[in-house]
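Written below as structure tokens is the structure these notes are about.
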Amino acid sequence: MLTFRSANIAFGVLLLILLVLDMQYKVPALFYILLVFFYSLALFYGSYFVQSQFYMKTVCKADTAEKKIALTFDDGPLNSYTPQLLSVLSNHNVMATFFCIGKNAATHTALLRQVHQQGHIIGSHSFSHGLWFDLLSAKKMEADLQQAHAVFKKELDCNIKWFRPPYGVTNPNLKKAVERMGYTAIGWNVRSMDTVAKDEQGLLKN
């Protein structure tokens, strides 16, 4: 499996080989450019595909022969969607996991408690879910996660154990923050793409 560590080792070895060859045969600059390009491609792949396990371990599926799926919902709780979801789930006696954004949970505390009281699992989806969250330092990421954790602890009187990275993006700083919080990172193996879908039937098919 390609990981951040193995990619760095491979890049370092190939760079060393190029430097040795360059001293003897004058290797064209194109080879260095290609090496950096493919290394950058590996980092991009690892960052934006949560299933890759590139930077950190993420649970994306269960090893089971049973015909079961795990439903997860991100970004709530929100008055515009969460009550309807809870109603449908209740009508069909289905449990799910809600990865809640801390600032939304702090704003809609009654709705957060309703999700919890109906037996659904609550996970953290960070406090801010900011556009630049992935560029924060490990220390600032941890502070953000702690802020969300405090909201859940106050409102639900329980310690959250599960965490879903905002946008599904991972990097070394997030790995440090997640480990310091003692969280288990959760990804996915099927994504609805509901945030970008334009067609209801297409969304339903996903």
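The values are calculated or read from the model by the stated rules, or taken from the named source; none is laboratory data. All figures in this text were calculated on a predicted structure; none of them were measured in a lab. Ideal geometry is used to build each Cβ from the backbone, glycine not excepted, and the neighbour counts take in all protein chains shown.
Return the only residue of Asp144, Asp199, Asp134 being at pLDDT 95 or above and acidic (Asp, Glu).
The conditions single out Asp144.
If you take the residues of segment 176-206 that are polar (S, T, N, Q) and outside any loop (DSSP other than H, G, I, E, B), which of them is surrounded by the fewest Cβ atoms within 10 Å (Cβ to Cβ)?
Here the answer is Gln201.
Yes or no, residue by residue, for (1) in contact (Cβ under 8 Å) with a residue 60 or more places away in the chain; (2) out of contact with any Leu (no Cβ under 8 Å at 6 or more places or on another chain); (3) among the β-branched types (Val, Ile, Thr):
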site	(1), (2), (3)
Gly168	yes, yes, no
Asn173	no, no, no
Ala185	yes, yes, no
Arg191	no, yes, no
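Of the residues that make up segment 1-13, is at least one touching a helix residue (DSSP H, G or I) at 6+ places or on another chain (Cβ under 6 Å) and over 30 Å from His125 (Cα atoms)?
Scanning segment 1-13, I find at least one residue that is touching a helix residue (DSSP H, G or I) at 6+ places or on another chain (Cβ under 6 Å) and over 30 Å from His125 (Cα atoms), so the answer is yes.
For segment 157-175, what are the residues that are surrounded by 15 or more Cβ atoms within 10 Å (Cβ to Cβ), at pLDDT 95 or above and in contact with a strand residue (DSSP E or B) (Cβ under 7 Å, 6 or more places away or on another chain)?
Trp162, Phe163, Arg164, Pro165, listed by residue number.
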